[in-house]
Amino acid sequence: SKPVVAIVGRPNVGKSTLFNVLAGEMISIVKDTPGVTRDRIYADVSWLDQDFTLIDTGGIEPESSDIILSQMREQAQIAIDTADVIIFITDVRQGLVDADSKVADMLRRARKPVILAVNKVDNFDKFMPDVYEFYNLGIGDPNPVSASSRLGIGDLLDAVVSYF
Ligand code: GDP
Ligand code: MG
């Protein structure tokens with residue numbers, strides 16, 4: 001059966017936007033509205049003749065910081081249990097935050113391939129200096145992307161399929 005790729009990350013980093021770009025359609029709801037969004041969303045994706053199933057683990061996401069971390073842990077656990085490759089997405093505008101580090105620790109211990117995507121790098125010249133701090137997560141090279149401007153997507157997908 002096809003490899004499974006799961007997207008994990010904090011609320012509002014752009015998981016659903018990236019999912020829609022990779023899926024080539026508007027499937028996942030950006031800016032999730034409680035009561036409308038399903039828990040997990042799946043799409044079939046092809047890249048360079050490689051087919052895989054993509055999961056947006058986001059769904060309905062909390063606003064309060066104490067719930068955010070527990071829900072991120074749940075999402076990361078779903079990814080660890082079901083995915084062959086995990087895309088861990090962070091937000092260059094918000095920078096590296098504690099919840100990112102905690103989830104990165106969890107993913108590292110799981111010993112699954114993790115691709116680190118640093119999103120909202122809408123202008124590479126302007127934001128690249130801020131991308132380097134994400135090396136501190138200890139899960140490999142940060143891949144700068146802009147989901148909304150569709151920048152860095154090809155390189156990100158190359159990195160994903162290299163693990164199949
Ligand atoms: P999710 O909660 O992680 O699923 O994040 P969403 O995909 O719903 O996106 C949250 C917000 O970030 C929305 O307003 C998006 O339009 C915005 N966003 C997503 N990707 C980018 C990006 O590459 N650059 C910028 N500037 N905004 C983005
Ligand atoms: Mg979402």
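Remark: segment 85-164 carries a charge dipole of roughly 320 debye about the Cα centre, counting +1 on each Lys and Arg Cβ and -1 on each Asp and Glu Cβ.
Per residue, the convex hull spanned by the Cα atoms of the chain measures out at 104 cubic angstrom. Using a simple spin-label model with pseudo-atoms 7 Å out from Cα toward Cβ, Ser64 and Tyr135 lie 3.9 nm apart. Screening the chain for whole DSSP H helices with an alpha carbon extent of at least 24 angstrom along the helix axis and a mean Kyte-Doolittle hydropathy of at least -0.5 yields 65-82. Taking the number of Cβ atoms within 10 Å of each Cβ as an exposure proxy, the fewest-first ranking of Phe134, Phe124 is Phe124, Phe134. Between Asn123, Ser1, Leu48, the Cα set farthest toward the positive side of the dipole of the chain (charges on each charged residue's Cβ, about the Cα centre) is that of Ser1.
Where the alpha-carbon atoms of segment 66-134 are placed on the principal axes, they occupy 37, 28, 16 Å, in descending order. In the chain, what percentage of the DSSP-assigned beta bridges are antiparallel, given to the nearest 5? For the chain, the DSSP antiparallel bridge percentage is about 30.
Relative protection proxy for 87-95, 74-82, from highest mean packing down: 87-95, 74-82 (other beta-carbon atoms within 10 angstrom). Computed about its Cα centre, the charge dipole of segment 4-161 is approximately 220 debye, with only Lys, Arg, Asp and Glu carrying charge at their Cβ. With the highest mean first, a sort of the peptides 5-11, 51-57 on other beta-carbon atoms found within 10 angstrom per residue produces 5-11, 51-57.
FYI, it's all coordinate maths here, none of it is from the lab. Every value quoted in this text rests on a predicted model; they were computed, and no experiment measured them. With ideal geometry, Cβ positions are generated from the backbone for all residues, glycine too; neighbour counts draw on all protein chains shown.
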